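Worksheet: the structure to be examined is printed underneath.
The values are calculated or read from the model by the stated rules, or taken from the named source; none is laboratory data. All values reported here derive from a predicted model rather than from experimental measurement. Positions of Cβ are backbone-derived with ideal geometry, glycine not excepted, and every protein chain shown enters the neighbour counts. All accessible areas refer to the heavy atoms of the entire protein, side chains included, with ligands and DNA or RNA removed. Shrake-Rupley method; radii C 1.70, N 1.55, O 1.52, S 1.80 Å.
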Amino acid sequence: MSEIKPFKTILYATNLGSIMRPVFRQAINLARVHQAKIIMLHVVAPLGSTGEAVLSLYMPDKDTTQIEQESMNQVIETMRQRLHKFCEEEDDILHDKDEIIDKIAVSVGNPPDVIKHYAETHQVDVIVMGTHAHNTHSHMLLGSTARTLTQHSKIPVLLVPNS
């Protein structure tokens with residue numbers, strides 16, 4: 001039987017949705033119990049082929065790749081600022097944020113793939129995230145990111161329900 005080790009690094013994966021605060025507070029509590037650090041990660045999904053086609057349709061004479069890249073850079077910076085502002089707003093529970101929050105990161109890609117890769121390459125011990133669980137006919141349906149991570153991650157995933 002393998003030894004259960006305390007968490008040292010917690011990856012808090014957020015979509016900046018409406019259930020962000022309760023999930024973040026769970027990550028903070030977990031970090032305090034384990035004396036761990038938190039990495040906050042938000043993943044921005046790329047424009048995709050439909051978005052690229054629409055952009056090309058409306059701007060046929062423009063270099064849409066450059067426009068897309070500039071727009072994505074703006075989105076990344078905006079998300080990074082929103083995460084920092086969120087931490088400042090949580091000062092009542094996060095008065096020791098410099099000791100708990102190790103890094104705030106924003107990456108581009110398919111959210112489950114980016115979260116899994118980020119966790120694997122940053123020595124993460126547990127991934128904490130909210131889930132958009134939906135109840136239909138007495139069955140719980142997880143959001144696609146949560147479902148994919150719980151099925152494919154070798155790192156434990158703690159799902160905090162939205163209710």
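Which one is modelled with the lowest pLDDT among residues in segment 110-163 that are basic (Lys, Arg) and surrounded by fewer than 21 Cβ atoms within 10 Å (Cβ to Cβ)?
Initially, segment 110-163 is screened for residues basic (Lys, Arg), giving 116, 147, 154.
Now narrow it down to the ones that are surrounded by fewer than 21 Cβ atoms within 10 Å (Cβ to Cβ): 147, 154.
Numbers: ARG147: 86, LYS154: 93.
The selected residue is ARG147.
For every residue, the table says whether it meets (1) modelled with pLDDT of 85 or more; (2) within 22 Å of PRO161 (Cβ to Cβ); (3) not β-branched (Val, Ile, Thr).
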{"residue": "PRO46", "(1), (2), (3)": "no, no, yes"}
{"residue": "THR78", "(1), (2), (3)": "yes, no, no"}
{"residue": "ILE93", "(1), (2), (3)": "no, yes, no"}
{"residue": "VAL106", "(1), (2), (3)": "yes, no, no"}
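Does segment 21-46 hold any residues that are open to solvent by less than 20 Å² (accessible area, probe 1.4 Å) and assigned to a helix (DSSP H, G or I), and which are they?
Once the filter is applied, which keeps residues that are open to solvent by less than 20 Å² (accessible area, probe 1.4 Å) and assigned to a helix (DSSP H, G or I), segment 21-46 yields VAL23, PHE24, ALA27, ILE28, ALA31.
For segment 1-20, name all the residues that are at pLDDT below 75 and either polar (S, T, N, Q) or open to solvent by 90 Å² or more (accessible area, probe 1.4 Å) (or both).
Scanning segment 1-20 gives MET1, SER2, GLU3, ILE4, SER18.
For a quick check of your reading of the model, give me the residue pairs whose first member lies in segment 1-23 and is closer than 29 Å to ARG80 by Cα and polar (S, T, N, Q), whose second is modelled with pLDDT under 85 and buried (at least 19 other Cβ atoms within 10 Å of the Cβ), with beta-carbon atoms closer than 6 Å and at least 6 apart or on different chains.
Note: no pairs meet the criteria.
What pairs come up if the first residue lies in segment 147-158 and is small (Gly, Ala, Ser), the second is assigned to a strand (DSSP E or B), and their beta carbons are under 8 Å apart, counting only those six or more places apart or on different chains?
Between residues of segment 147-158 that are small (Gly, Ala, Ser) and residues that are assigned to a strand (DSSP E or B), the close pairs are SER153/ILE127.
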